[in-house]
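Asker: Quick one: structure below, then a few questions.
The values are calculated or read from the model by the stated rules, or taken from the named source; none is laboratory data. Here the structure is a predicted model, which is why all the values come from computation and not from measurement. For neighbour counting, all protein chains shown are included, and Cβ atoms are generated from backbone atoms with ideal geometry for every residue, glycine included.
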């Protein structure tokens, strides 16, 4: 997203309700080369520049074991994004669509997620490649790449059943 408060043709904003249903704790800060949304890539690339994810105390011991993975899923708060557009018209095609059918950073809860290449861990800093966020972006969570995991529990009866379906 490269605009601040523009409303394009077909877009619709809503009044945001007061937030009181969840508490969110930022566990770190992301350091990237980009300080402006016009410079920031729209999608991260695994061969992109090295970025530093700084974990705050008391979360640093949670990095134990993460170095064994080649990629990590980074979840972050898109702190400069609008939150009120439910219908959006992306500049790339101008077709108006609902927010939940887009990968736009403009969301009711602007959580970004990116699979990044894990380069190394240095104390409380995780160095990765492949991010697409601004310098100073708040960190919500880090997880090993889900593709590296095998389900822990064996399949159970009903695993393939869709709730409410016939």
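Asker: Please determine, by comparing only the residues of segment 36-73 that are closer than 30 Å to residue 7 by Cβ and either in contact with a strand residue (DSSP E or B) (Cβ under 7 Å, 6 or more places away or on another chain) or free of Cβ contacts under 8 Å to residues at least 12 places away in the same chain (or both), which one is surrounded by the fewest Cβ atoms within 10 Å (Cβ to Cβ). Explain how you work it out, then say what you get.
Answerer: First, pick out the residues of segment 36-73 that are closer than 30 Å to residue 7 by Cβ: 36-44.
With the extra rule that they be either in contact with a strand residue (DSSP E or B) (Cβ under 7 Å, 6 or more places away or on another chain) or free of Cβ contacts under 8 Å to residues at least 12 places away in the same chain (or both), the set shrinks to 39, 44.
Numbers: 39: 11, 44: 23.
The residue in question is 39.
Asker: Oh, and also: Scan segment 122-153 residue by residue and report those that are modelled with pLDDT of 80 or more, exposed (fewer than 14 other Cβ atoms within 10 Å of the Cβ), over 16 Å from the mean Cα position of the chain (by Cα) and part of a loop (DSSP other than H, G, I, E, B). Even if it seems obvious, please write down each step before you answer.
Answerer: Initially, segment 122-153 is screened for residues modelled with pLDDT of 80 or more, giving 122-145.
When the remaining residues are screened for being exposed (fewer than 14 other Cβ atoms within 10 Å of the Cβ), the result is 122-123, 136.
Narrowing further to those that are over 16 Å from the mean Cα position of the chain (by Cα): 122-123.
Correct list: 123 only.
Asker: What's the total number of residues in segment 1-16 that are closer than 28 Å to residue 73 by Cβ and surrounded by 11 or more Cβ atoms within 10 Å (Cβ to Cβ)?
Answerer: We begin by selecting, within segment 1-16, every residue closer than 28 Å to residue 73 by Cβ; these are 1-3, 16.
With the extra rule that they be surrounded by 11 or more Cβ atoms within 10 Å (Cβ to Cβ), the set shrinks to 1-3.
Residues that pass the stated criteria total 3.
Asker: Would you check which residues across segment 17-35 are modelled with pLDDT under 80 and surrounded by 10 or more Cβ atoms within 10 Å (Cβ to Cβ) and list them?
Answerer: 19 - this is the single residue of segment 17-35 that is modelled with pLDDT under 80 and surrounded by 10 or more Cβ atoms within 10 Å (Cβ to Cβ).
Asker: Hey, another quick one. Go through (1) in contact (Cβ under 8 Å) with a residue 40 or more places away in the chain; (2) in a strand (DSSP E or B); (3) under 12 Å from the mean Cα position of the chain (by Cα) one by one and return the number of the condition residue 119 breaks.
Answerer: (3)
Asker: Within segment 95-113, can one find any residue that is under 18 Å from the mean Cα position of the chain (by Cα) and closer than 17 Å to residue 144 by Cα?
Answerer: So in segment 95-113, the residues under 18 Å from the mean Cα position of the chain (by Cα) come out as 99-113.
Now narrow it down to the ones that are closer than 17 Å to residue 144 by Cα: 112-113.
Looking for residues that are under 18 Å from the mean Cα position of the chain (by Cα) and closer than 17 Å to residue 144 by Cα, one finds at least one in segment 95-113, hence yes.
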